[in-house]
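Report on the structure given below.
Here, each number is a calculation from the coordinates, and none is a lab measurement. For clarity, every value in this text was computed on a predicted model and none was experimentally measured. Methodologically, a virtual Cβ is constructed for each residue, glycine included, from the backbone with ideal geometry; neighbour enumeration extends over all protein chains shown.
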Amino acid sequence: MSDVVLSEKATAVLRKLRKRYKTEFGSLKVRNLDLKILQVADLEHLLAGKDPFADVSSFPFWVRLWEAAMVLADIVVSQAPASPGRLLELGAGLGAPGLAAAKAGYQVTLSDYEPHILDFQRVSASANGLDQTEFRIIDWNKPPKMAPFDTIIGAEILFRKDFFQPLLKIFRTYLAPGGVIYLAHDANRQSLKPFLEMASADFNIAAISRKLTSEDKELTIVLNRLQHRATN
């Protein structure tokens, strides 16, 4: 996209990324918002036919803009309150939902587990003029101390059962009183049901589903809303 304008710092980050990846800016429309998202251009070469459901430990989930992320972006923007407050995207990958939230007025922190993933997010944030966006590496087993968030979101983040308890601890620690969590996943993800059963001890959980057509296939995306159970 020739109309992309970056800060000097983001330009340097993009130059570094292009030494490792072939990249391009894609466009994403979320409601009335237009986003520019830095993406890997040669996905087929990078993924090499890997199946995300066959070997979740080695699949680079961050590299693709998932349908669940697009649904999540739409929900977050449509549900934005008058004073959106602080929002954390966990396992943000390319960061589309979080960037859409920032466009909608949230104070956003994008997070993932490796520096180069955050670099993609930094370039996209600059391309959209979202200079107040923050970026954090978060190890779910050793999460950093941060102030609570009014909203926590995640798309396609439930892929390892050994991360269920650490993730629930993050939810309990980082979610502000009265806050809300939105999760979006492909309905085929088998780890979704056992995670929600585990989470139901601490959270009230609601669910809706949306059907999408992608590459001539119909997909069902499940969106869950979690809120703290009231304590006496």
Table column - 3J(HN,Hα) (Hz), region 136-150, Karplus curve with 6.51, -1.76, 1.60, x for Gly and Pro: 9, 7, 10, 8, 4, 7, 9, x, x, 6, 9, 5, x, 10, 6
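Grab the DSSP H runs of the chain that are 4 residues or longer, score each as -39,500 (n - 2.57), total them, divide by all residues and round the 222 nm result to the nearest 500 deg cm²/dmol. Could the numbers behind the result be given before it?
Values: 7 runs with 67 residues, N = 232.
Helices in the chain give a 222 nm mean residue ellipticity of -8500 deg cm²/dmol.
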Cα→Cβ-extended label distance, 7 Å offset, between residue 16 and residue 227, nm: 4.1 nm
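Taking the Cα centre as origin and putting +1 on Lys and Arg beta-carbons and -1 on Asp and Glu beta-carbons, what dipole magnitude results for region 156-229, to the nearest 20 debye?
Details: 11 positive and 8 negative charges, 55 e Å.
In total the dipole reaches around 260 debye.
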Longest to shortest principal axis, alpha-carbon extents of region 106-221, angstrom: 38, 35, 27
Matching label, Rg and Dmax of the Cα atoms in Å computed from the structure shown, candidates (i) 17.0, 57; (ii) 19.9, 65; (iii) 16.8, 60: (i)
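Treating only the Cβ of Lys, Arg, Asp and Glu as charged (+1, +1, -1, -1), what charge dipole size does region 8-228 show about its Cα centre? Round to the nearest 20 debye.
Details: 28 positive and 25 negative charges, 88 e Å.
My answer is approximately 420 debye.
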Rounded to whole Hz, the Karplus (6.51, -1.76, 1.60) HN-Hα couplings of region 203-209, x for glycine and proline: 10, 7, 10, 10, 9, 9, 10
Pairwise label distance in nanometres, residue 31 with residue 214, each label 7 Å out on the Cα-Cβ vector: 2.2 nm
Fraction of alpha-carbon pairs over 14 Å apart in region 76-120 - percent: 42 percent
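Residue 190 to residue 41: extension gain in nm, 0.36 nm per residue of separation minus the Cα-Cα distance? All intermediate terms of the calculation are to be shown ahead of the outcome.
Numbers: separation 149, 0.36 × 149 = 53.64 nm, distance 2.92 nm.
50.7 nm is the gain from fully extending residue 190 to residue 41.
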Spin-label model distance (nm) - residue 3 vs residue 201, 7 Å beyond Cα toward Cβ: 5.2 nm
Equivalent ellipsoid semi-axes, region 75-164, via Cα gyration tensor eigenvalues times 5, rooted, Å: 20, 16, 12
